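*Asks:* This is the structure I have questions about; it appears just below.
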Amino acid sequence: MTSKLLRGRLLSFKREPEGLSDSGSYLYIEDGGLLIENGIVAGIGEFSDVQATVGAVTEIIDHRPNLIMPGFIDTHLHFPQMQVVGSYAGSLLEWLNTYTFVEEQRFADADHSARIAVKFFDELIRHGTTTAVAYCSVHKVSADMFFAEAQRRNMLMLGGKVMMDRNAPEALRDTPQSGYDDTKQVISDWHGKGRNHVVITPRFAITSSPEQMEMAGALAQEFPHLHVQTHLSENHAEIDFTCELYPQAKDYTDVYAHYGLLGPKSLFGHCIHLSDREADAMSESGSVAVFCPTSNLFLGSGLFGLKRLSKRDKAVRVAVATDIGGGTSYSMLRTLDEGYKVLQLQGERMTPLESFYRMTLGNAEALGLAGKIGTLDVGSDADVVVLNSRATPATALKMEVVKTLAEELFLMQTMGDDRTIAETYVAGKAVKRGIAL
Ligand code: GUN
Ligand code: ZN
């Protein structure tokens, strides 16, 4: 048995905070001890109390004065878009056609997919992200390389081979049958191997024919324990084109509903321009709307109504994500900073407690994985991030006047990035130092 004891300030959420003074929503221990045995959290409490329970062979790693939290979770990003980030385009469809659909063709090549997979997981770790929900490319081999690398690193990853059979270059199209067959093969090869979860991934209604949507629905029915991911209501031109392609549908959301793709395991990227009817349908089905602030701003897609959706009578479940490569940062800190500004522009507020809840437990709940990841609770996988609020001269200076935990969290969100991440643990193993620049 391998066992180690981390010492530092511990922060782990219990539920969504209801305001800045909601101290009942989290556990905070100033001089805490987190005991990890065989990759699982085995104890949490005051350092002296936890230390008293362990033998002399347990390695003690002192992270004081840094803050120890559950690893960050990113619920929507694209593994084949690492070299698309920062491409100059006016809007979503131009960006997809000019850059993204060109770049993704390279992932037909196993060597290229394998090389980018290494870079991808390195980058996540550098930014403190220990679980992510990724789109691979249309090529099965891209999913094979993604999951092989995730398994090699023992990371809890979700991902899917993209299904797309129209409105894209020939080299990026499967067929309803091959998309179905390849997805099934990826499921049998990878789901449950290591910590891998396979996600059924029709890219979006524009690039899937009705026949392919039928096949995606069939997969969702055959594998009800798997997640589904796609894009919804990101951009006005996208919405108009979708409604032309599916004239019988009441609206964009109804396209997915028609094929049985709504549900509590379904993640819908963007959801910026939903009508009340669509929000009702999302709510009634328990579907999750994924907020991707850096991407929505970068592509000029619009302002996500986080409170408008999550606080309505029929509440919609919400997750947060980077959406690399429409998104512009791998950092969940940078992502929530931009998210905060998106809310500000709409007269909505998000407290720093809520932000850090959303990066961790909130996203774990959205994925239905809260028993495994997202907290430091005993029995959880020991995916952990260590945060240094004094990592740069400017933040160290500001920390001289910071008085509360909430203020410190807000500073890390506002000015933090990969430099803030002092260490990342994956299943109890420290993995950042080896790759840090
Ligand atoms: N809609 C369909 N595909 C994509 C994608 O790759 N990125 C974004 N932001 N939106 C999409
Ligand atoms: Zn996306």
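The values are calculated or read from the model by the stated rules, or taken from the named source; none is laboratory data. Predicted model, so just to flag it, every value in this text is computed and none were measured. Cβ atoms come from the backbone with ideal geometry, glycine included; neighbour counts cover every protein chain shown. What goes into the accessible areas is simple: the full protein's heavy atoms, side chains included, and nothing from ligands, DNA or RNA. Shrake-Rupley method; radii C 1.70, N 1.55, O 1.52, S 1.80 Å.
*Asks:* With 22 Å as the limit, write out which pairs from 265/372; 403/432; 250/311; 193/429 have Cα-Cα distances beyond it, or answer none.
*Replies:* Values: 265/372 16 Å; 403/432 29 Å; 250/311 24 Å; 193/429 19 Å.
Flagged as over cut-off: 403/432; 250/311.
*Asks:* Let me ask something else about it. Normalised by the number of residues in segment 258-306, what is the relative contact order in percent for Cα pairs under 8 Å and 6+ residues apart? List each step's numbers first, then the result.
*Replies:* Values: 57 pairs, mean separation 20.6, N = 49.
Computed value for segment 258-306: 42 percent relative contact order.
*Asks:* Please say if segment 301-437 is rounded, prolate or oblate, where rounded means a/c under 1.5 for a ≥ b ≥ c the square roots of the C-alpha gyration tensor eigenvalues, and otherwise the choice is prolate for a/b larger than b/c and oblate otherwise? Write down the numbers at each step before the final one.
*Replies:* On the way: a/c = 1.67, a/b = 1.18, b/c = 1.41.
Oblate.
*Asks:* How much accessible area per residue does the chain have, in Å², with a 1.4 Å probe?
*Replies:* Values: 15960 Å² over 437 residues.
Result: 37 Å² per residue.
*Asks:* Right, next: Roughly how many percent of the accessible protein surface of the chain is carbon and sulfur, given a 1.4 Å probe and a whole-percent answer?
*Replies:* On the way: 8290 of 15960 Å².
Its accessible area is 52 percent carbon and sulfur atoms.
*Asks:* Evaluate segment 80-199: find the radius of gyration of its Cα atoms, find its Kirkwood radius, and give the ratio Rg to Rh. Could the numbers behind the result be given before it?
*Replies:* Values: Rg = 14.2 Å, Rh = 14.7 Å.
Ratio of gyration radius to Kirkwood radius: 0.97.
*Asks:* Ordered by residue, what ³J(HN,Hα) values in Hz, to whole numbers, does segment 35-40 give under the Karplus form 6.51 cos²θ - 1.76 cosθ + 1.60, where θ = phi - 60° and Gly and Pro are x?
*Replies:* Couplings: 8, 10, 10, 6, x, 10 Hz.
*Asks:* Report the antiparallel proportion of the DSSP beta bridges in the chain as a percent, rounded to a multiple of 5.
*Replies:* Values: 27 of 62 bridges.
Bridges in the chain are about 45 percent antiparallel.
*Asks:* If you don't mind, another one. Pick from 369, 333, 409: which is most flexible by mean-square fluctuation in a GNM of the chain where alpha carbon atoms under 10 Å apart are linked?
*Replies:* With Cα springs under 10 Å in the chain, the top fluctuation among 369, 333, 409 is at 369.
*Asks:* What number, in percent, do you get for the relative contact order of the chain if the mean sequence gap of Cα pairs under 8 Å and at least 6 apart is divided by its residue count? Mind showing how you got there, number by number?
*Replies:* Values: 993 pairs, mean separation 85.7, N = 437.
Relative contact order, the chain: 20 percent.
*Asks:* To check my understanding: the extent here is largest minus smallest coordinate of the Cα atoms along each principal axis. What are those three numbers for the chain, in Å, largest first?
*Replies:* 65, 46, 38
*Asks:* Please enumerate, by chain and number, the aspartates and glutamates with C-alpha under 16 Å from the C-alpha of residue 184, excluding those fewer than 8 residues away in the same chain.
*Replies:* 144, 174, 214, 222
*Asks:* Amide H of residue 422: which non-local residues (sequence gap of 5 or more, or other chain) have their own amide H closer than 5 Å, using H built in the peptide plane?
*Replies:* So residue 422 has HN proximity to 386, 387, 388.
*Asks:* Once you have all Cα-Cα distances for segment 80-147, histogram them in 5 Å bins from zero and send the whole-percent values.
*Replies:* 3, 17, 25, 22, 18, 12, 2
*Asks:* Could you rank the peptides 149-155, 235-241 by their average count of other C-beta atoms within 10 Å per residue, with the highest value first? Could you put the intermediate results ahead of the total?
*Replies:* Values: 149-155: 19.6, 235-241: 16.7.
Going from most to least packed, we get 149-155, 235-241.
*Asks:* Can I ask one more? Within 10 Å, count the other beta carbons around each residue, average over each peptide in 259-266, 218-225, and list them highest first.
*Replies:* Values: 259-266: 19.9, 218-225: 14.6.
Per-residue mean Cβ counts within 10 Å order the peptides as 259-266, 218-225.
*Asks:* Once you sort the root eigenvalues of the Cα gyration tensor of segment 1-66 as a ≥ b ≥ c, which label holds: rounded (a/c under 1.5), prolate (a/b larger than b/c) or oblate (the other case)?
*Replies:* Details: a/c = 2.75, a/b = 2.08, b/c = 1.32.
It is prolate, given that a/c is not under 1.5 and a/b is the larger ratio.
*Asks:* Give, as a single signed number, the net charge of other residues whose beta carbon lies under 11 Å from the beta carbon of residue 372, with Lys and Arg counted +1 and Asp and Glu -1. Walk me through the numbers on the way to the answer.
*Replies:* Values: positive: 195; negative: 377, 381, 383.
With Lys, Arg at +1 and Asp, Glu at -1, the net is -2.
*Asks:* Which lysines have a Cα lying under 19 Å from the Cα of residue 307, excluding residues fewer than 8 positions away in the same chain?
*Replies:* Leaving aside lysines fewer than 8 places away in the same chain, those within reach of residue 307 are 341.
*Asks:* Separate question: In whole Hz, with x marking every Gly and Pro, tabulate ³J(HN,Hα) for segment 91-96 from phi via Karplus 6.51 cos²θ - 1.76 cosθ + 1.60, θ = phi - 60°.
*Replies:* 6, 3, 5, 5, 4, 4
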